Amino acid sequence: MSNGPAGQTARSTVRPNPETDARTPMRTFLYTADGVAIDSVYDPGTAVYDASPGPAFVVAHGFTGDVDRPHVRRAAAALARHGAVVTFSFRGHGASGGRSTVGDREVLDLAAAVAWARELGHPRVVTVGFSMGGSVVLRHAALHRGVDAVVSVSAPARWYYRGTAPMRRLHWLVTRPEGRLIGRYGLRTRIHHRDWDPVPLSPVEAVPRIAPAPLLVVHGDRDAYFPLDHPRMLADAAGDHGELWLEPGMGHAENAADDALLARIGDWAAARAG
């Protein structure tokens, strides 16, 4: 597949009706600024707004997820009650091209998805990220800007954290050749073998640059990957433009976000995005 401009549609399996201009579900490949094809899905949602079209939620999944994983589809379905939803597979995940850089160049994947939501006519765009995707939405909002609200769920505040057993296992998966083989064949995730050079802006460094866009940080008090100092660091860095929800009994990322929490996130985002 040849390279194209960022956000350009590479291939679409369903297109809008040109006669009625009706918004219909679409699945397509988008190109990133560095030429990676990103498998992307658009759901027009079920919400009705006085000023149509309403907001679009762009959902950024966690590491080893993809657009077809049940937990990603469940989150998308919950948010679709509040507006349109764009989901996509990060590079190296699922049917997307390239290899995962574990949160670095993934900001370009998110930028292409946000640009697509704008091209589809949505004047307000909210990014919602989980775990690795939670760090990506923070860095994207700081570096690319152009979003109306940001929701980061179960995200790290700083890089190279190895303080929990799940994170030590994840570092082994990413840094060891045998770990990357398991990622490719066992988890459908192709991981780049090169270290970061330079080290990208960390999530906590990115947060102060997000203002004036409102930020919601969500974290479970039973998160086995990142303890509560991570969300507290992010909330402190956000200052007055941030809000922190510490969820009792919640574990990590999409799998742990129940429908009630996703509904609250949708309500918050729809209100804060205008």
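The values are calculated or read from the model by the stated rules, or taken from the named source; none is laboratory data. Everything quoted here is computed from the prediction, not taken from an experiment. Counting neighbours? That spans all protein chains shown, and the Cβs are built from the backbone with ideal geometry, glycine included. For the accessible areas, the whole protein counts, side chains as well, though only heavy atoms, and no ligand, DNA or RNA atoms are used. Shrake-Rupley method; radii C 1.70, N 1.55, O 1.52, S 1.80 Å.
Go through segment 248-265 residue by residue and tally those that are touching a residue at least 60 places away in the same chain (Cβ under 8 Å) and open to solvent by 30 Å² or more (accessible area, probe 1.4 Å).
5
Among the numbered conditions (1) open to solvent by 10 Å² or more (accessible area, probe 1.4 Å); (2) farther than 17 Å from LEU215 by Cα, tell me where ARG124 comes up short.
(2) is the only condition that ARG124 fails.
Every residue, every condition in (1) among the β-branched types (Val, Ile, Thr); (2) open to solvent by 10 Å² or more (accessible area, probe 1.4 Å); (3) under 22 Å from GLY98 (Cα atoms), yes or no:
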| position | (1), (2), (3) |
| --- | --- |
| ALA115 | no, yes, yes |
| LEU120 | no, yes, no |
| VAL128 | yes, no, no |
| VAL153 | yes, no, no |
| ARG162 | no, yes, no |
| LEU170 | no, yes, yes |
| LEU173 | no, yes, yes |
| LEU187 | no, yes, yes |
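In segment 203-219, what residues are open to solvent by less than 10 Å² (accessible area, probe 1.4 Å) and closer than 22 Å to TYR160 by Cβ?
PRO203, ALA206, VAL207, VAL217, HIS219
Suppose the filter is over 23 Å from HIS71 (Cα atoms), open to solvent by 80 Å² or more (accessible area, probe 1.4 Å) and modelled with pLDDT of 95 or more; does ARG222 pass it?
Considered against the rule, which asks whether it is over 23 Å from HIS71 (Cα atoms), open to solvent by 80 Å² or more (accessible area, probe 1.4 Å) and modelled with pLDDT of 95 or more, ARG222 comes out as no.
Give me a count of the residues in segment 174-193 that are under 16 Å from ALA253 (Cβ atoms) and among the aliphatic types (A, V, I, L, M).
Result for segment 174-193: 1.
Restricting to segment 78-95, count the residues that are buried (at least 24 other Cβ atoms within 10 Å of the Cβ), touching a residue at least 60 places away in the same chain (Cβ under 8 Å) and farther than 19 Å from GLY146 by Cβ.
Residues meeting the conditions: 4.
Table: residues versus (1) farther than 21 Å from VAL85 by Cβ; (2) of a type outside the set (Ser, Thr, Tyr).
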| residue | (1), (2) |
| --- | --- |
| VAL126 | no, yes |
| ARG158 | yes, yes |
| TYR161 | yes, no |
| LEU173 | yes, yes |
| LEU181 | yes, yes |
| GLY186 | yes, yes |
| VAL218 | no, yes |
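Kindly indicate the residue of segment 229-247 that is open to solvent by 30 Å² or more (accessible area, probe 1.4 Å) and touching a strand residue (DSSP E or B) at 6+ places or on another chain (Cβ under 8 Å) and also farthest from ALA80 (Cα to Cα) among those meeting that condition.
ARG232
Do you know which residues across segment 188-216 are in a loop (DSSP other than H, G, I, E, B), out of contact with any Phe, Trp or Tyr (no Cβ under 9 Å at 6 or more places or on another chain) and not small (Gly, Ala, Ser)?
ARG188, ARG190, HIS192, HIS193, ARG194, ASP195, ASP197, PRO198, LEU201, ILE210, PRO212 - these are the residues of segment 188-216 that are in a loop (DSSP other than H, G, I, E, B), out of contact with any Phe, Trp or Tyr (no Cβ under 9 Å at 6 or more places or on another chain) and not small (Gly, Ala, Ser).
Could you list, in sequence order, all residues of segment 94-137 that are under 22 Å from ARG184 (Cα atoms) and part of a strand (DSSP E or B)?
Answer for segment 94-137, where residues must be under 22 Å from ARG184 (Cα atoms) and part of a strand (DSSP E or B): SER100, PHE130.
Filter segment 145-169 down to residues that are in contact with a helix residue (DSSP H, G or I) (Cβ under 9 Å, 6 or more places away or on another chain) and assigned to a helix (DSSP H, G or I), then give me how many there are.
1
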